[in-house]
Every structure is written in structure tokens, then in C-alpha cells.
Amino acid sequence: MERLIISEQDIINSICVYVSRKKQVKPEEVEVELMYDDDYGFSAEAFVDGRKQVLITANLIEALRLWLDEFMNEDPFAGIELKLDDEEGIIALINN
């Protein structure tokens, strides 16, 4: 089974697009900080117009599904696994 790897920057880009559509702003107007916590797992903080929105893992997966479908022309319902990599940061592994 082939696995596609989505880089930390592309995860951030996917969240920018995801949040921009919900807030009706341009993706460039969204700032994102990815986070990992041993107790809570993966999350992100998105900032738009000085306001913070916390995104949980399910939101990150939803953003990645949008990214896979619209920007990578991949199956948006493929298995997505977020992983903390020592060298690459937070990455997503996609099972095709």
C-alpha cells in the first residue's frame, strides 16, 4: 500500500484554506500554529483579524480532506494519520 506524505507546511496551508472559507477571508489572512500535546494529541491555533480559534484533530483531518480533494486530486476519504516526526515536525501520512 502506497503512502503519501503531506508536509507540515502543506498541513498549515490546508488549515489556512479551511479557516478562510469558514471565516470568509483570504487564506493569506489566516495565521496557523500547529501543536502536539501528549494528553490531547494534535491541534492548531488559527488567528484571523486578531482573534484566535482552536482547532482539534477532527478539524485538522477535515482541512486535510479538503486539501487532498481540491489541491492534490487525491481521494479525500483515504486514511489520514497525523504523526510527530523528529525531523519534519507534524506530518500527515495518507493511505492511498
Theoretical gain in end-to-end length, ASP85 to LEU4 [0.36 nm per residue, Cα-Cα removed]: 27.7 nm
Placed amide H near GLU74: partners under 5 Å, 5+ positions off or other chain: ASP69
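Using Cα pairs closer than 8 Å and at least 6 residues apart in sequence, work out the relative contact order for segment 14-74, in percent. Each step should come with its number before you reach the end.
Numbers: 75 pairs, mean separation 17.1, N = 61.
Once normalised by length, the contact order is 28 percent.
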Nearest 10 degrees, 0 to 90: helix 8-23 Cα axis against the chain principal axis: 50
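Averaging over all projection directions, find the projected area of the Cα convex hull of segment 9-74 and quote it in nm² with one decimal place.
4.4
Please check the chain for the longest run free of GluC sites (Glu not before Pro) that are loop-located per DSSP (anything but H, G, I, E, B) and have at most 12 other Cβ atoms within 10 Å.
On the way: sites that count: GLU2, GLU87, GLU88.
Maximal segment without exposed cleavage sites: 3-86.
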Table column - 3J(HN,Hα) (Hz), segment 42-59, Karplus curve with 6.51, -1.76, 1.60, x for Gly and Pro: 8, 7, 8, 10, 10, 10, 9, 6, x, 9, 9, 10, 8, 10, 8, 3, 4, 5
Set of lysines near LYS52 by C-alpha distance (under 22 Å), chain-local residues within fewer than 8 positions excluded: LYS22, LYS23, LYS26
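Only the coordinates and a few stated rules stand behind these numbers; no lab work does. Please read all numbers here as calculations on a predicted model, not as lab measurements. We place every Cβ from the backbone using ideal geometry, glycine too, and count neighbours over all the protein chains shown.
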